[in-house]
Amino acid sequence: MIEKAYHDRDGHIWMDGQFLDWRDTKVHVLTHSLHYGSAVFEGNRAYGGEIFRLSDHSKRLRNSANILGYEIPYTQEEIDQACIDTLANSGLKDAYVRPFAWRGSDMMGVASKNNQIHLAIACWHWGSYFSDKMKGIRLCISDWRRPAPDTSPCKSKAAGLYMICTLAKDKAAATGWDDALMFDYKGRVAECTGAHIFFVKDGELYTPTNDILLEGITHDSIIKLAEAKGYKVNKQDIMPNEMSDFEECFVVGTAAEVTPVREIDGIHYKPGKVCEDMVKTYDDAVNGKGIIKL
């Protein structure tokens, strides 16, 4: 089934303070962020009409822009409300909400200071990021590494930083894998193309804490949920030769939610009781069913 093109859909997109017809929300081809990669974005999920950890996402969006040297002309509270309004306008209860900001087309060239800052929010239905995810996905090792913190603004959820993620994801798909696992500039286990990673051994969780990783909101949620349930969570460097020591593995992200892993480039895992527990615990939390509140 071919997905309907994103530029040709019914509905409305919130853009710079007003709702516009979906097909009319356009930017100029000489938009600065299109050429120089300085757009920032968030991926939010709504469950049952409520956007999960909305304020945390809006706060991170503004911080991402600040790291790149500009300020979004809306407060966190205004972004929250615009996301809520966009979800309501869509008529959806379970949805993906994408707020994003960018430098406009007022000037061209590497310098950027005279460009107007724009903000838009779109909302659409987006099901499970991986089909049949409880079976466990297969990861290859990417040729690309996450760059050092003094070579990229790695704490910003910036569009330009996803260029190597797209390269890695496309190559993985072309060679029969579901996604790619990336190492960092020191050769440590880092993250997948759009998700953080956890390993399990003897009932304890292990996750990288590299200095290049984005402060993941789902990653933070999983740590809090796991600790509340009594799991010990070890936040530490993980080297590639240590991956075979673990029994279970799963990846987490707003899009991926909690997805078990059954293979990383020849290393096999069996999605077991910890994976199953964290999938259910997270699902309960985002749907307001669990006793653990985030």
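The stretch between Ile267 and Asn66 holds 68.4 nm of extra length on full extension. This uses 0.36 nm per residue minus the Cα-Cα distance.
Placing a pseudo-label 7 Å from each Cα along the Cα-to-Cβ vector at Leu20 and His7 gives an inter-label distance of 1.4 nm. When each of the peptides 190-201, 162-173 is scored by the mean number of other C-beta atoms lying within 10 Å of its residues, the order from highest to lowest reads 190-201, 162-173. Once you have a ≥ b ≥ c as the square roots of the Cα gyration tensor eigenvalues for the range 58-203, tell me rounded if a/c is under 1.5, and otherwise prolate or oblate according to whether a/b is larger than b/c. Verdict is oblate for the range 58-203. Label-to-label distance for Lys289 and Ala228 is 1.5 nm, based on points extended 7 Å past Cα in the beta-carbon direction. Here Lys289 is the anchor, and no aspartates and glutamates lie within straight C-alpha reach of less than 12 Å, apart from those fewer than 8 places off in the same chain. With R₀ fixed at 22 Å, the C-beta to C-beta distance from Ala148 to Lys113 puts the FRET efficiency at about 0.25.
Shown is the FRET efficiency for Asp277 and Tyr47, computed with R0 = 25 Å from the Cβ-Cβ distance and rounded to the nearest 0.05: 0.85.
Only protein atoms count toward the accessible area here, which uses a 1.4 Å probe; on the range 60-128, the carbon and sulfur part of that area reaches 50 percent. With both labels modelled 7 Å from their Cα along Cα-to-Cβ, the Ala173 to Ala255 distance reads 0.9 nm.
Of the solvent-accessible surface of the range 181-280, computed with a 1.4 Å probe and all protein chains present, 44% belongs to carbon and sulfur. Using a cut-off of 32 Å between Cα atoms, the listed pairs Lys4/Lys235; Lys155/Lys229; Lys4/Lys270 include Lys4/Lys235; Lys4/Lys270 as exceeding that distance.
The values are calculated or read from the model by the stated rules, or taken from the named source; none is laboratory data. Predicted, not measured: the structure shown is a model, and the values here were computed from it. Don't worry about glycine lacking a Cβ; one is built from the backbone with ideal geometry, like all the others, and counts go over all protein chains shown. Ligands, DNA and RNA are excluded from the accessible area calculation, which covers all protein heavy atoms including side chains. Shrake-Rupley method; radii C 1.70, N 1.55, O 1.52, S 1.80 Å.
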